[in-house]
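Scroll down for the structure; my scribbles are underneath it.
The values are calculated or read from the model by the stated rules, or taken from the named source; none is laboratory data. Keep in mind the model is a prediction, meaning the values are calculated, not measured. As a convention, Cβ positions derive from the backbone with ideal geometry for all residues, glycine included, and neighbour counts pool all protein chains shown. Note: accessible area is taken over every heavy atom of the protein model, side chains too, but ligands, DNA and RNA are not part of it. Shrake-Rupley method; radii C 1.70, N 1.55, O 1.52, S 1.80 Å.
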Amino acid sequence: MHDHDNKQNPSVNSQADWYRLDVDAVLDHLNSDAHGLDEAEVQRRLTRHGPNRLPEQAGRPRWLKFLAHFNDVLIYILLAAAVLTGVMGHWVDTVIILGVAVINALIGFYQENSAEKSLQGIRGMLSSRAHVIRAGAKRDIDAEALVPGDIVTLRPGDRIPADLRLLEVHNLRVEEAILTGESTVVSKFIDTIASESAIGDRINLAYSGTTVSAGTATGVVVATGEHTELGHINGMLAAVEPQQTPLLQQMHRLGKGIFYLIVAMMVLLFVFSAVLHEAPLGELLLTLISLAVAAVPEGLPAIISIILSMGVQSMAKKNAIIRKLPTVETLGAMTVICSDKTGTLTMNEMTVKAVLLADGGYLVDGESYDPAGSLSDEATGSDVDPASRPALKQFIAAIHLCNDAQLRQGDDGRWQIIGAPTAGALQVLAAKTGLHFDDAELIDKIPFDSAYKYQATLHRTDRVNTVFITGAPDVLFAMAESELGEGGAQPFRRDFWEAEMARYARLGLRMVAAACKPAADDASRIDHDDLSGGVVFLGIAAMMDPPRPEAVEAIAVCQQAGIRVKMITGDHPETAMAIGKMLGMRDWQDAITGAQLEHMSDAELGRVAANHDIFARTSPEHKLRLVRALQASGEVVGMTGDGVNDAPALKQADVGIAMGIKGTEVTKETADMVLADDNFASIARAVTEGRRVYDNLKKTILFVLPTNLAQGLLIVVALLAGTTIPLTPLQILWMNMATSTTLAFGLAFEPAEAGMMRRKPRAPGKSILDLHALWRIGLVGVLIAGSAFWLEAYLLGRGYGEGFIRSVLLQTLVTAQWVYMFNCRIQDRFSLNAAMFRNAGLWLASAILLLLQLAICYVPAMNRVFGTEPLPLAYWGIALLIGLAVFVVVELEKCAVRWLRQHRHEAA
């Protein structure tokens, strides 16, 4: 070999149109031949192109990932407070404040899921060995040593080691589901393809990482490593930036708002107190630290994690396994779901829906592989007895006997197919008719060969030898000399059959034909030449992978909730549109193909993605572009997938949804959620749960922040008045971490409110706190702070000490917070109803809070650490009365707001 493998030509070792070149042109292009490369040339090309492996990206060390969780504006405030208390010698405060920051960081660290795992999964799909021809000799080598121009041989079971242009094939069939998403094996040929084709239609190429299911072949390496189709997907996956969920965006905005407010208040109060009150620096700093600790909702990250974790557990019971906590909330914000077709929207079980014979058609009922069902006359609708119709009986005999699949019932009672899905569907049809051919004796057979597109058997039935043939209709049309009607054989009408086939094709049905031929009584063998004359065409079975019944209902629920469902499939447009119509999709009349997407600009794609719901014959890059186009228009996108080809789009999507049964490990590692049952209905249930979780998160934030506001107001007024701060930093931390977190646990169990799935998805950019929420936080914060001021003044007038007053105020604030939790159960209606007694979490949280307050009030060790004193029972009653007053005011405010909204609605 010469040292010039077109190294200046960009098409070598890239995504070139190798399928459009004939065999000789490919070999010439790569400067190779059937004898393979010599060792010196291999080394030169290996130096130039590099090893046949995917590039690895250096990941961040674990310690750096952990430290990244301190990169939050609110955590900065806590860390500054810890440093100042340490400098001032308040070591207990320092340790506890630092402990809070570390706990929050640990929670975030253990939630994090590394994307590198998905890239490692793709690298694990590469073949480790390759069978090559070099310098005329066959060798078994490490697959990493392959170079463009190498000649590779393939055998059944081989994992293809690089992208190949096939040179010679013998009944080669390849499983390409990891790239195309379609479960059926692909027959391969060496013929040149003239037109531009999608990956699934490039039948003269074999791709790295796919598997040989049958046959043998020889091919020349056209791409290695990162230049293969699998490498292209790996590159897209690595290039996708992680998406920040709507919840995290909103919490980031909320955190920044609180941070700027705290900094501004601290600066103003420092200047005011230092100048007007001439407060001692140490005392002033401690007061400002208390303000910072009070205003920062330290318990909020832990509370959010608790609620999201409970959502994860609830979804797992509904077959939706969440891998990343924020995904729970994002599900509730989804506006578009892009779903694969096969196995997700459909049953992934081919089913014969119609039989076409010379004298008419028959409809077949029943779904899946369960052989329960019957045949009815297409014209009259009446049931038929197959045994009384000779032509139908002969057709059933052909599809049953000339068939390698088997129908079996598993231990779990479910029916299963052993063999190819199409052949299995024919066996199910035969079982539905109740016809038996137990006396049939197989004499010889011609196995299915993709070059011929049919298979044939020689059977002896009723002491007569017959050849049965099943295969592609167009092939059997060419063989047929007559057709079988109920009255016997008659001239073959090709125009009639082709017209009927076109009618079924428009319904998205796939077709298999059957024929037969009498054989001599002494026949013992058959070959292809024996089928050259006398073939009688019997009929056509039209089949499809039917929609899941529950998916039809789930799509209707999603559409009612304002979520648009889009089908993105590798299947043919006619099939996709037919399934879309059955599923009740809105825009099923038109399908956009991958070839059309290929030539669209980003702006055109954005319009098409928004206005169409069915996309067929798509590639991995098309799926990724569609997701990005939808996101660019402001949509929150969920994307389902099962093959490696889906991984980049899943990672790009706001919610990547992998299939648990048929999904690859790469897809599962990339996804945010895994469906244990591969069922679209589980997505709809997860959306319902996501909306419930978001409602409860909003209730929780509405519950936590008024307490922070009340604490902050107490400290601000104390600074302005020049008096002692009512609560110490540790007491504030106790409220923010222990009591708030405990009570929020009760709100996490709140059930979904009525009409939740009839609401439109919330706007992704909308703040989690609207104007009414801010008003409610201000109202409740002022009520609680005002009550505390009144109580403090009352106790000071009675001459109580500082420790006792702080203990009473702490108990009052905690009790008011507990009562306000009941206000937050329902956002705009009266909060006390029968449902609260069914929420065990509400009462469990209340019981735990009682134990915690008893401990901080009456356990001596807790008194010493937190500076509290035991309280007489009467002060528990006073605190409860103040809490009840807050409850009544909030419920009256709900009534007033509801009346105002109704009045405005009627006026409009």
Worksheet item: Binning every alpha carbon pair distance of the chain at 20 Å from zero, what are the percents per bin?
Response: 13, 34, 28, 17, 7, 1, 0
Worksheet entry | Largest-first principal axis extents, alpha carbons of region 853-908, Å | 62, 22, 12
Item to complete: Mind grabbing the accessible area of Glu669 for me, 1.4 Å probe, Å², rounded to tens?
Response: 50
Fill in: Label point distance in nm, Ala472-Leu900, each placed 7 Å from Cα along Cα→Cβ
7.2
Practice prompt. Leaving ligands, DNA and RNA out of it, rank His436, His528, His459 by accessible area with a 1.4 Å probe, largest first.
Written response: His436, His528, His459
Worksheet item: Going by accessible area, probe 1.4 Å, with all protein chains left in place, what is the ranking of Thr723, Thr728, largest first?
Response: Thr723, Thr728
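For Leu407, Leu583, Leu873, what's the largest-to-smallest order of accessible area, 1.4 Å probe? Intermediate results must be reported in sequence, preceding the final value.
Details: Leu407 45, Leu583 5, Leu873 140 Å².
Highest to lowest solvent-accessible surface, that is Leu873, Leu407, Leu583.
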Worksheet item: In whole angstrom, how far apart do the alpha carbon centroids of region 591-657 and region 463-494 sit?
Response: 45
Item to complete: Please report, in cubic angstrom per residue, the volume enclosed by the convex hull of the alpha-carbon atoms of region 420-479.
Response: 106
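Which net charge results for the neighbourhood of Ala609, defined as the other residues with beta-carbon distances under 12 angstrom from its beta-carbon, given Lys and Arg at +1 and Asp and Glu at -1? List each step's numbers first, then the result.
Values: positive: Arg564, Lys566, Arg607, Lys623, Arg625, Arg628; negative: Asp587, Asp602, Glu604, Asp613, Glu635.
Local net charge: +1.
Test of understanding: what is the full-extension gain from Ala523 to Asp677, defined as 0.36 nm times their sequence separation minus their Cα-Cα distance?
50.5 nm
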Worksheet, complete the sentence: Between the modelled labels at Arg155 and Ala451 (7 Å from Cα along Cα→Cβ) the distance in nm is 2.1
Worksheet, complete the sentence: Quick calc: nm separation of the 7 Å Cα→Cβ label points for Arg414 and Lys393 -> 3.7
Worksheet item: In whole Å, how far is the Cα centre of region 371-412 from that of region 125-164?
Response: 46
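Multiplying the sequence separation of Gln43 and Ser309 by 0.36 nm and subtracting their Cα-Cα distance, what value in nm do you get?
On the way: separation 266, 0.36 × 266 = 95.76 nm, distance 5.42 nm.
Here the answer is 90.3 nm.
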Response to the item:
Counting only protein heavy atoms and rolling a 1.4 Å probe, one gets per residue an accessible area for region 865-908 in Å² of 65
Worksheet, complete the sentence: Phi angles of region 731-736, converted by Karplus (6.51 cos²θ - 1.76 cosθ + 1.60, θ = phi - 60°) into ³J(HN,Hα) in whole Hz with x for Gly and Pro, give 5, 5, 4, 4, 5, 6
Response to the item:
With every protein chain in place, the accessible area of Met265 for a 1.4 Å probe, in Å² rounded to the nearest 10, comes to 60
Response to the item:
Non-local residues with an amide H under 5 Å from the amide H of Met567, with H modelled 1.01 Å from N and Pro and chain starts lacking one, are Ser339, Ile614, Phe615
Worksheet item: How long is region 580-739 along each principal axis, judged by its Cα atoms, biggest number first, in Å?
Response: 75, 37, 29
Worksheet item: Can you work out ³J(HN,Hα) from phi for every residue in region 767-778, in order, using Karplus 6.51 cos²θ - 1.76 cosθ + 1.60 and θ = phi - 60°, giving whole Hz and x for Gly and Pro?
Response: 5, 5, 10, 8, 4, 5, 5, 5, 4, 5, 4, x
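Which translational diffusion coefficient, to the nearest whole µm²/s, is obtained for region 299-413 from the Stokes-Einstein equation, given a Kirkwood hydrodynamic radius over C-alpha pairs, 25 °C and 0.890 mPa s?
Working: Rh = 19.2 Å.
Diffusion coefficient, whole number: 128 µm²/s.
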Worksheet entry | FRET efficiency estimate (nearest 0.05) - Cβ-Cβ, Ala754 to Lys138, R0 45 angstrom | 0.05
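Relative to the compact globular guide of 2.2 N^0.38 Å, what is the alpha carbon radius of gyration of region 511-622, as a ratio?
On the way: Rg = 22.0 Å, N = 112, 2.2 N^0.38 = 13.2 Å.
Here the answer is 1.66, to two decimals.
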Discussion item. If you take every residue apart from Leu538 with its C-beta less than 15 Å away from the C-beta of Leu538, what net charge results, scoring Lys and Arg +1 and Asp and Glu -1?
Written reply: 0
Worksheet item: HN-Hα J couplings of region 866-877 from phi, Karplus 6.51/-1.76/1.60, θ = phi - 60°, integer Hz, Gly and Pro as x?
Response: 9, x, 9, 10, x, 10, x, 4, 4, 6, 5, x
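Rounded to the nearest angstrom and ordered from largest down, what semi-axes does the equivalent ellipsoid of region 749-908 get from its C-alpha gyration tensor (root of 5λ)? Don't skip to the end; give the middle numbers.
Values: eigenvalues 252, 75, 39 Å².
Equivalent ellipsoid of region 749-908: 36, 19, 14 Å, largest first.
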Response to the item:
For region 455-561, using Cα atoms only, the Rg and Dmax in Å read 19.1, 69
Discussion item. Leaving out ligands, DNA and RNA, and with a 1.4 Å probe, what % of the accessible surface on the chain is carbon or sulfur?
Written reply: 58
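Give me the percent relative contact order of the chain, please, defined on Cα pairs under 8 angstrom at least 6 residues apart. Could you put the intermediate results ahead of the total?
On the way: 1718 pairs, mean separation 115.7, N = 908.
Across the chain, relative contact order equals 13 percent.
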Fill in: Where region 532-626 is the region considered: accessible area per residue in Å², 1.4 Å probe
35
